[in-house]
Amino acid sequence: MLLFLLILIVATVAQVFLPWWCIVPVAFVLALLVGRTGGKAFLAGFFGVGLGWLVLAIWLNGQNNSVLAHRVAELLPLSGSIALLLLVTMVVGGLVGGLAALSGCWLRQALWPIQPPVAPVVEMEPK
């Protein structure tokens with residue numbers, strides 16, 4: 001949950017000022033620092049970036065009265081549906097963020113593997 005919120009907030013704010021691909025290093029570094037398992041990191045990156053892209057797409061769509069979104073939806077095989085275009089946008093952003101977060105988590109596991117606790121070795125004296 002923490003990783004999801006961090007990716008959502010940092011990636012969304014970063015996208016306002018930086019290019020679209022800034023989500024990759026953001027999700028990668030945050031999952032490297034916070035991520036525990038690959039599955040949870042992927043889901044946090046997918047939904048964090050996907051929701052951020054959806055919110056930004058809806059906001060930008062409202063800024064131009066849906067003119068641009070409707071034209072793009074007509075170019076793609078979406079039958080002019082703005083809702084489908086927003087869904088495709090969310091899924092593409094989510095996949096990019098999820099794979100970046102998964103890569104960061106896997107790098108963390110490769111560099112710093114979690115060691116199970118080792119019981120102390122007790123040597124017994126032969127009698």
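The values are calculated or read from the model by the stated rules, or taken from the named source; none is laboratory data. Source: prediction; values computed, not measured. As a convention, Cβ positions derive from the backbone with ideal geometry for all residues, glycine included, and neighbour counts pool all protein chains shown. All accessible areas refer to the heavy atoms of the entire protein, side chains included, with ligands and DNA or RNA removed. Shrake-Rupley method; radii C 1.70, N 1.55, O 1.52, S 1.80 Å.
Among the residues of the range 106-113, are any open to solvent by 40 Å² or more (accessible area, probe 1.4 Å), modelled with pLDDT under 95 and either among the β-branched types (V, I, T) or under 22 Å from P19 (Cβ atoms) (or both)? No: the range 106-113 contains no residue that is open to solvent by 40 Å² or more (accessible area, probe 1.4 Å), modelled with pLDDT under 95 and either among the β-branched types (V, I, T) or under 22 Å from P19 (Cβ atoms) (or both). Taking the range 63-89 as the range and being closer than 23 Å to V13 by Cα and open to solvent by less than 50 Å² (accessible area, probe 1.4 Å) as the test, the residues that pass are S66, A69, L85, L86, T89. Within the range 44-53, none of the residues are farther than 20 Å from M1 by Cβ and either at pLDDT 90 or above or polar (S, T, N, Q) (or both).
What do you reckon, is C22 out of contact with any Lys or Arg (no Cβ under 7 Å at 6 or more places or on another chain), open to solvent by less than 60 Å² (accessible area, probe 1.4 Å) and touching a residue at least 60 places away in the same chain (Cβ under 8 Å)? For C22, the condition - out of contact with any Lys or Arg (no Cβ under 7 Å at 6 or more places or on another chain), open to solvent by less than 60 Å² (accessible area, probe 1.4 Å) and touching a residue at least 60 places away in the same chain (Cβ under 8 Å) - is not met.
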